[in-house]
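What follows is one structure encoded as structure tokens, with my remarks underneath.
Read-outs throughout are calculated quantities, based only on the coordinates presented, and are distinct from any laboratory measurement. Since this is a predicted model, take the numbers as computed values, not measurements. Here the Cβ positions follow ideal geometry from the backbone for every residue, glycine too, while neighbour counts run over all protein chains shown.
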Amino acid sequence: MVAAFRRVVPPVVRRSRHALVVAAIGPVTALGGLLWAFIQPWRITLLHPHGKGVWYLIVEAPLLVIALGVLFTAFVARPLLHDLEELGG
């Protein structure tokens, strides 16, 4: 029974504090942008464009912060976490 359980459930890998901080930077940044968008909805002109150009609609500060968090997680944090795991820290 225990052997079958060990095959089904992978072992828990404990990460160092550095790895946890690196892993949290992107999601916390994206969450901050999302909260900013909810706290100040008038900053998102997608809701009320009123003759604004396409670049003005796309380049909104809260949307850029959310995108930055997602891009950081995908292109910086994941490779860095992989390197940290290889080094054993």
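Numbers at a glance
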| read-out | value |
| --- | --- |
| Per-pair calculated FRET efficiency, R0 = 41 Å: Glu85 and Phe38 via Cβ, rounded to 0.05 | 0.75 |
| Cβ-defined net charge surrounding Ala37, 15 Å radius [Lys, Arg +1; Asp, Glu -1] | 0 |
| Per-residue ³J(HN,Hα) for the range 33-44, Karplus 6.51 cos²θ - 1.76 cosθ + 1.60, θ = phi - 60°, Hz, x for Gly and Pro | x, 5, 4, 4, 5, 6, 6, 10, x, 5, 6, 8 |
| Cβ-Cβ FRET estimate between Ala74 and His18, R0 fixed at 22 Å, reported to 0.05 | 0.70 |
| Approximate shape of the range 15-87 as ellipsoid semi-axes (Cα gyration tensor, √5λ), whole Å, largest first | 33, 12, 5 |
| Burial order of peptide ranges 31-42, 67-78 (average beta-carbon count within 10 Å, highest first) | 67-78, 31-42 |
